[in-house]
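Here's the structure we're looking at; comments come further down.
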Amino acid sequence: MAAKNPQQYIDTAKLESDLSGRSVRGGAWASIGQFGKSLLQILSTLALARLLTPTDYGLVGMVVAVTGLLAMFKDMGLAMATVQREDITHEQVSSLFWINVALGFAVTVVAAASAWILAWIYAEPLLVGITLGLSIAFAFSGLTVQHEALMRRQMKFGQLAMLQVIALFISLVVAVVLAWNGWAYWALVAQSVVFAVANCVGVWIACGWRPSRPAWAKGLDEMIKFGLNLTGFSFVNYFARNLDDVLIGRFHGANDLGLYQKAYEILMVPIRQINAPASRVAIPALSRLADQPQRYRRAYLRILEKLLLVTMPLGAVLIVAADWIILVVLGDQWLDAAVIFAFLGISIFAQAIGNTTGWLFISQDRTKDMFKWGFIGSGTAVAS
């Protein structure tokens, strides 16, 4: 049943009077939430890396490298369409919700059906059970997409951060308990599924919006085009960023892939601590200023300036201290990952600026251009 006056969860007129203040407060809350998530991820790594082996991580990594590609289709860029649009109706959001639900269940079925194919490609029968287990998370993620989008549209970053921290904590506890009791890679599978379920329940409780019955709302075509172009970019970008995982897993095995993925994961913890909150705040804020070029330009440059002030020195520190970081965080059995960690750290200097171009394309409703330019960057990466 639709909520009473559902448009109250969608309209953003009330944000205009204090957009700058909300952006600052939202950035602070998003940073706090990201810090909490990063802390839990570090604790998760400290605990699980000592209870599990690189092979355990590598087995799950073989599946995630492929199923992660399917994950973007449960969204199809429709969450960002809800955030970016200046005016959007309850009927349109309801239609998008049902599309995301259908996509979530469809991706679950496709992922489950691919289990035996992945086991054949990697010549590893254990991947069948891992793939079937991980596929469950997609159904719950599809139920969550539009509710999270509405909360981001309303700039309720504090609530979103708290919900994700709680979900992450619950999933971490479950994973550690299972790993402690000898469940090996199943602990990592359970962690993904439990997070998806806990996050779904939390968001539905926090967001009072409820969808109406399935229907094709007026004006939906443009939003779907926006989402398809964004998904197209995400697809080629994901392919370029994860082809290395597939090749390492196929030709070098689970152990080497585990070392490589864990080095990348540890590197991204501090980077996400900075980039993720900035993106969550920048896209809604810039979208509200898209028809005011001067304010838009100033807002973007202020955010970029502060972002670079932190990420550039951070990149240098991570590269220099690679051996020490891997030893402290992961332990002796992971020392081979230190060299990989250091080399991957070089990418921070380019990513700090490159990632922000997505804010511009999305907030200006130029996802078609974003898709086209994605082919250039992805083509270069794949050729490399």
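Some notes on this structure:
- Cα gyration tensor, region 29-98 - rounded (a/c under 1.5), prolate or oblate: oblate
- Annotation: peptides 176-185, 250-259, 57-66, 136-145, ranked by per-residue average of other Cβ atoms within 10 Å with the highest first, follow the order 57-66, 136-145, 250-259, 176-185.
- Cα gyration tensor shape for region 146-258, rounded if a/c is under 1.5, else prolate or oblate: oblate
- Distance between the modelled labels on GLN159 and LEU301, one decimal in nanometres: 3.6 nm (7 Å Cα→Cβ projection).
- Cross-link check: pairs LYS156/LYS306; LYS74/LYS372; LYS74/LYS156; LYS37/LYS225; LYS37/LYS156 evaluated at a Cα-Cα cut-off of 27 Å; pairs beyond the cut-off: LYS37/LYS225.
- Debye, to nearest 20: dipole size of region 210-257, +1 on Lys, Arg Cβ, -1 on Asp, Glu Cβ: 380
- Here the Kirkwood formula puts the hydrodynamic radius of region 257-365 at 15.1 Å, using every distinct Cα pair.
- The calculated FRET efficiency for ASN181 paired with ILE205, based on their beta-carbon distance and R0 = 30 Å, is about 0.50.
- Positive-end residue, the chain charge dipole about Cα centroid, Cβ charges, pick of GLN333, ILE248, ALA316: ALA316
- Paramagnetic reach from ASN242 (point 7 Å along Cα→Cβ, amide N under 16 Å) across region 260-280: 261-262, 264-265
- Applying 0.36 nm per residue to the separation of GLU222 and LEU39 and subtracting their alpha-carbon distance, the gain on full extension is 61.9 nm.
- Measuring nothing but alpha carbons in the chain and taking Rh as the Kirkwood radius, the Rg to Rh ratio lands at 0.95.
- Each label was represented as a point 7 Å from its Cα along the Cα-to-Cβ direction; for LYS368 and SER384 these points are 3.0 nm apart.
Values in this text are rule-based calculations from the coordinates and carry no lab data. In this text the structure is predicted, and so the values were computed from the model without any measurement. No Cβ is skipped: glycine too gets one built from the backbone with ideal geometry, and neighbour counts run over all protein chains shown.
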